[in-house]
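Everything below concerns the one structure shown next.
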Amino acid sequence: MNQQQNLWEFVVLQWDKLLSQTITHIGLTFASLLLAVLVGVPLGILISNKKKLANSVLGVAGVLQTIPSVALLGFMIPVFGIGTVPAVAVLFLYALLPIIRNTHTGITGVNESIRDAALGMGMTGRQILFQVEIPLAMPVMLAGIRTATVVNVGVATLAAYIAGGGLGEFIFGGIALNNTNMILAGAIPAALLAIFFDFLLSKIQLLTPDRLRKATLIFPTSLLILSSFYILPASEKSLLAGFEPEFMGRTDGYLGLKSKYGLKIPSVVISDAVMYKAAFEKELDVIGGYSTDGRLKAYNLTVLKDDKTIFPPYYAAPLVRNEVLQKHPELEQTLNLLAGVIDDSSMTDLNYRADILKQTPEEVASAFLKSKGLWRTPQDATGATIRIGCKIFGEQYILTEIYKMLIQGYTSLKVETKTGLGGTKICFDALTNNQIDLYPEYTGTGLLVILQPSPQEVDALISSREKVFEYVKMQFQKQYKLTWLKPIGFNNTYALMMRSAHARNLHIETISDLKNHIDTNE
Amino acid sequence: MIVAQNLTKYFNKAIAVKEVSFSVTEGENLVLLGTSGCGKTTTLRMINRLIEPSSGQVYVNGKSILNESPEILRRSMGYVLQNNGLFPHFTVAENIGVVPQLLGWDKKQTQKRTLELLDKLQLDAEKHFNSYPHQLSGGQQQRVGLARALAANPPILLMDEPFGALDPITRVKIRQEFLNLDELKRKTIILVTHDVEEAFEFDDKICLMDKGSIVQIGTPTELLFKPANDFIRNFLSHQRLLLEMKAVKLSHIWNTLENIDIQSFNNGPVINTDQSVWKVLELIGLNKATQVTIYDEKTKQKKAVSSSNILNSLSQHRAT
């Protein structure tokens, strides 16, 4: 009951966003569907009397269908960049197969004696196609369009990964923040859309032939109208921001930008993996990234000064279950070998090696340990197994590798890594549920995402990273029986970034500058 | 009117129709008769160019059909298919109006013609005008199929086993209706069938085919009494008596008929000599009569006969 009230509150609060996401979602679905119908139906007709061509066309369309949708999105980025175009392109490819195949099946399924009669009456090939074959194939063709629509409503959620918008913004944001209401606010409308359009098309399919003829006229018209729902989130003039789903929902992220700075910037949701590149390629102007990310250096991005301190400085430190520390006292010592060793610039450098120079996390980790004289060849592992987890971005992979090498070199414990554990909450839940024994975490994240104290408490703490560390350490010990070991040294915090040249041209140095720029140019 | 000259068709080197030639004059019926695979349907479909001949020619009114566009040609020939081939998404009226629509008739004219045909073919216009084919019985569907073929008044009608899909009782009934249609009497009809009885009922020229070639062209009596070879004799053998009764007219046996009762012509029903032996026996059976009066137009004479008289004369006729 409580859950539902909360969901309702969330929906009321985010009503405008939900509406625009839904409209974008419908637009995405039908713009791509329209394209797929425009291409797929003629193609299906074309191949219906060419058997060899039919096999190869259906084969290619079938292979396209088997490519995982996220991978297909990835393939589209080098070609179309981010945003609308690649999202529509991917959905178009997915919708193509059912439409081509059903058109082909429908047309070839027309009874031979009816085709014969049409010929015998003196119809031309074109007349047979339009007066006999297409009307008779229509129910099967509509079934294909129906399948494509339902598939598209589902796949369109993934558009949020590449700034394509739609209900995926809530769904992936909700997953990243473990915010069930947010997930449901995206998932329920998406499911309802699928059910609604499926129902609508099933009704059209059941129409009698004469009504179907009228419906055939209405159908393309409504398709056009629905696809025009896709209003582009950005206009040409103003700046466009891109934020990853977790950033969108955090007080030290988008919410803070809105409340503390009053920043009103048109924004899209995009996956961390492509965000920096998109900024570099001028598809985005402002992004919310990590201050130590290697791509900052590679793409020549500038961090805007956080003049109202909404991004607290975060220590990074290993977060370990108490039980493991008690069982293996040598572990704490070993993990603390890294305490204070990596400063900001060396972390950025390590990230740069992995993200840009494409060195593997193992290479980066071992080279680093050697340079610091900490490297030891692994001992024969005879003891218990330590499971190290990590979140799904580069820095965490490198830290995990470093810890793994240290444990293997300095103790006789076995090490197992469980990498790529989605967002903060997934990693944290894995730890508290005894699925992993430790992972590198940031104090700010621990404070704002997991502990979530009152705004007054946050305000009192946030100016000092030492205070944050002490508070978080104490609370985690008390609430979760987890220990924060000594900080590694560097700070990782969220930051707003722009292309250096762009920021210089617009004379933007701080986030307040950015806000003023947007306000005056509106 | 229709002349086929040395029509030959190969399908992938296998010969389907070999050197078929025939001519059909205006208003005449030609029945292409034979077992399945004999090439009769292929021959028919070469006349409206649904199949292009490998060699040979077809002339309609002296003009080669190969010089005309196939669509235009087909619109001038009615075509009735075995499984009626009605368009399931068209109403009865739309089905009948297909060819007029292709020919660009105006809507009123098409509607008038459709109503006329529905009436002639004993279909309830009010009930069926806007029905879809699946709402009709098999016999009604076949009637609509014929109406569609007749709609644009084509001088030629091609019929491919038009009654083949019907049950035996409906088949006989609809065939009788068709044979009695005024419109059909003026048409040049080429009909394909494997049913010998049906071929004989059309009572015109029969072209018996086997293995792609014509075995004999002739009237039913010619096939029965002057068969070109043993194939024809065998082909007709197991229904022979029935076929003879249907093919032989009273006029053929008029001379050998014995008048058994000169005085009392008013005893029993009267029948003309242009009727078949089958008809007169049917008449006797139906009326439970012992004798009938036969009237010959040519000689203006009457003869009173019994069924045994008629059968006697038939066997004499067979012997000659």
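The values are calculated or read from the model by the stated rules, or taken from the named source; none is laboratory data. If you're wondering where the values come from, they're calculated on a predicted model, not measured in any experiment. Note that we place each Cβ from the backbone using ideal geometry, even for glycine, and neighbour counts take in every protein chain shown. Side chains included, ligands, DNA and RNA excluded: accessible areas come from the protein's heavy atoms. Shrake-Rupley method; radii C 1.70, N 1.55, O 1.52, S 1.80 Å.
Using a simple spin-label model with pseudo-atoms 7 Å out from Cα toward Cβ, B:Glu297 and B:Ala125 lie 3.3 nm apart.
Excluding ligands, DNA and RNA and using a 1.4 Å probe, chains A and B jointly bury around 1800 Å² of accessible surface, summed across both partners.
Between the amide H of A:Arg499 and those of A:Thr302, distances stay under 5 Å, these residues lying 5 or more places away or on another chain, with hydrogens modeled in the peptide plane. What the phi angles of the stretch A:358-364 give under the Karplus curve with 6.51, -1.76 and 1.60, with θ = phi - 60°, is a coupling list of 6, 6, 6, x, 4, 4, 4 Hz, glycine and proline written as x. Cα gyration tensor of the stretch A:49-195, axes a ≥ b ≥ c as square roots of the eigenvalues: rounded (a/c below 1.5), prolate (a/b > b/c) or oblate? Prolate shape, in that a/c is at least 1.5 and a/b is the bigger ratio.
The solvent-accessible area of B:Arg240, taken with every protein chain present and a 1.4 Å probe, is close to 60 Å². Using a ≥ b ≥ c from the Cα gyration tensor of chain B (square roots of the eigenvalues), is it rounded, prolate or oblate, where a/c under 1.5 gives rounded and otherwise the larger of a/b and b/c decides, a/b for prolate? The shape class here is oblate. So what's the gap between the Cα centers of the stretch A:7-39 and the stretch A:366-381, to the nearest angstrom? Using only Cα atoms, the two centres lie 52 Å from each other. Accessible area ranking (1.4 Å probe, heavy atoms, ligands and nucleic acids excluded), largest first, for B:Ile15, A:Ile171, A:Ile195, A:Ile386: A:Ile195, B:Ile15, A:Ile171, A:Ile386.
Which order do A:Leu284, A:Leu451 take when ranked by solvent-accessible area (1.4 Å probe, heavy atoms of all protein chains), largest first?
A:Leu451, A:Leu284
In the protein assembly as shown, the portion of solvent-accessible area held by carbon and sulfur atoms comes to 55 percent [1.4 Å probe, whole percent, DNA, RNA and ligands not counted].
When every Cα-Cα distance of the stretch B:26-108 is counted in 10 angstrom steps from zero, the calculated P(r) takes the values 13, 40, 34, 12, 1 percent. Computed over chain A, the per-residue total of -39500 (n - 2.57) for DSSP H runs of n ≥ 4 gives a 222 nm mean residue ellipticity of -18500 deg cm²/dmol, rounded to 500. Taking all Cα pairs closer than 8 Å and separated by 6 or more residues, the relative contact order of chain A comes to 16 percent. Surface listing: B:Arg175, A:Arg387, A:Arg376 arranged by accessible area from highest to lowest gives A:Arg376, A:Arg387, B:Arg175, probe 1.4 Å.
Among B:Asp274, B:Asp204, B:Asp160, the largest mean-square fluctuation in a Gaussian network model of chain B, built with springs joining Cα atoms closer than 10 Å, belongs to B:Asp274.
Mean separation of Cα pairs under 8 Å and 6 or more residues apart, divided by the residue count, gives chain B a relative contact order of 18 percent.
Taking every protein chain into account, the accessible area of the protein assembly as shown amounts to 45 square angstrom per residue (probe 1.4 Å).
Averaging over all projection directions, the Cα-based convex hull of the stretch A:122-174 occupies 5.0 nm² in the image plane. The amide H of B:Ile271, built 1.01 Å from its N in the peptide plane, has B:Thr293, B:Ile294, B:Tyr295 as neighbours under 5 Å, considering only residues 5 or more places off or on other chains. The calculated FRET efficiency for B:Gln176 paired with B:Trp254, based on their beta-carbon distance and R0 = 25 Å, is about 0.45. For the stretch A:94-119, a decrease in accessible area of 10 Å² or greater in the assembled protein chains relative to the isolated chain, with a 1.4 Å probe, applies to A:Ser113, A:Ile114, A:Asp116, A:Ala117, A:Leu119.
Using only the Cα atoms of the stretch A:27-93, build the gyration tensor, take square roots of its eigenvalues as a ≥ b ≥ c, and label the shape rounded, prolate or oblate: rounded if a/c is under 1.5, else prolate if a/b is larger than b/c, else oblate.
Oblate, since a/c reaches 1.5 and b/c is not below a/b.
Phi angles across the stretch B:149-160 convert, under the Karplus curve 6.51 cos²θ - 1.76 cosθ + 1.60 with θ = phi - 60°, into 3J(HN,Hα) values of 5, 8, 3, 8, 6, x, x, 10, 10, 10, 10, 9 Hz, Gly and Pro given as x.
Scalar couplings 3J(HN,Hα) for the stretch A:314-322, obtained by applying the Karplus form with A = 6.51, B = -1.76, C = 1.60 to θ = phi - 60°, are 10, 7, 9, 8, x, 10, 10, 6, 3 Hz; x denotes Gly and Pro. Here the ratio of the Cα radius of gyration of chain A to 2.2 N^0.38 Å is 1.17.
With contacts taken as Cα pairs under 8 Å and at least 6 residues apart, the stretch B:1-106 reaches a relative contact order of 26 percent.
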